[in-house]
Amino acid sequence: MHSVFLSYRKSDTGLEASRLAQCLQPVFGRRIVFRDVDSIVPGSDWQAVLKGEVARAKVVLVLIGPAWVSELASRLERRDVDYHRVEMAIALAQGIPVIPILLRDAAPPPTSSLPDDLAPLIEHQAITMRDESWSEDVDRLVDAIGRPYRWDLLALRAVIALVAAPIALWWLVPQFAPDQDANYTLLRWVLVFLWSLYALVELTMGYRRYRQRQRSSVAANHTDRT
């Protein structure tokens, strides 16, 4: 199952990662938003889980705080395994959509600070998220990712239509066509017409949703970095 993968450093953006996950989970679902401390089952091979999840992610959100560049440089000097770097490198190498998220007035990392496997990160348009506009920024991020289609609401509407239409027809037809009481042909044809109309409305709404996601993606690609 494709996920919205949060890649971050606990020492730099741990609190923001928790806050962002709590905002995204109601939109995409708790099982879709992947954050290591919430999503890895105790006893699992966490390194394998991280690599597997990022490899099949729908999008990887790279959280960048004020200490991001200095922490990366420190890890490069120590030459120890940097799993945040591994997550980003896998996503960039496999062409998975990556959205850098700038937090607490952080700036995009300069190209000179990035190792070769992270160099493509600078080419991905960043989104700035601020505490004073957090809700609006979350909405903008969700639009950039692509809001999921609410299949649960579609099912609810279909059930309501399935129940309401026959009941309404059973009552209305005798009122306007008394001679059709025993003729169910008219009821069937009217029901087919109403269901066809309902299907057309749903298709129109789905197409408008698709176009809206396309426009959101284009707008996200032109968002200012500041």
Of the listed residues (Arg78, Arg35, Arg9), the one being among the basic types (Lys, Arg) and surrounded by fewer than 18 Cβ atoms within 10 Å (Cβ to Cβ) is Arg78
Requiring at least 1 residues that are within 19 Å of Leu141 (Cβ to Cβ), charged (D, E, K, R) and modelled with pLDDT of 95 or more, the helices (runs of 4 or more DSSP H) wholly within the range 13-100 are none
Assess whether Arg104 counts as being at positive phi and either in contact (Cβ under 8 Å) with a residue 24 or more places away in the chain or of a type in the set (D, E, K, R) (or both). yes
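Table: residues versus (1) of a type in the set (Val, Ile, Thr); (2) under 30 Å from Arg208 (Cβ atoms).
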position: Ala89; (1), (2): no, no
position: Leu103; (1), (2): no, no
position: Thr111; (1), (2): yes, no
position: Leu114; (1), (2): no, no
position: Ile127; (1), (2): yes, yes
position: Ser135; (1), (2): no, yes
Self-check item: Yes/no for Gly95 being within 20 Å of Ile145 (Cβ to Cβ), small (Gly, Ala, Ser) and out of contact with any helix residue (DSSP H, G or I) (no Cβ under 7 Å at 6 or more places or on another chain)
Solution: yes
Flagged pairs (Cβ under 7 angstrom, 6 or more apart or on separate chains; first in the range 85-96, surrounded by 21 or more Cβ atoms within 10 Å (Cβ to Cβ); second hydroxyl-bearing (Ser, Thr, Tyr)) are Glu87/Ser7; Met88/Ser7
Here the residues within the range 59-111 that are within 16 Å of Ile127 (Cβ to Cβ) and charged (D, E, K, R) are Arg104, Asp105
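The values are calculated or read from the model by the stated rules, or taken from the named source; none is laboratory data. Please read all numbers here as calculations on a predicted model, not as lab measurements. Using ideal geometry, Cβ is built from the backbone for each residue, glycine included, and neighbour counts are taken over all protein chains shown.
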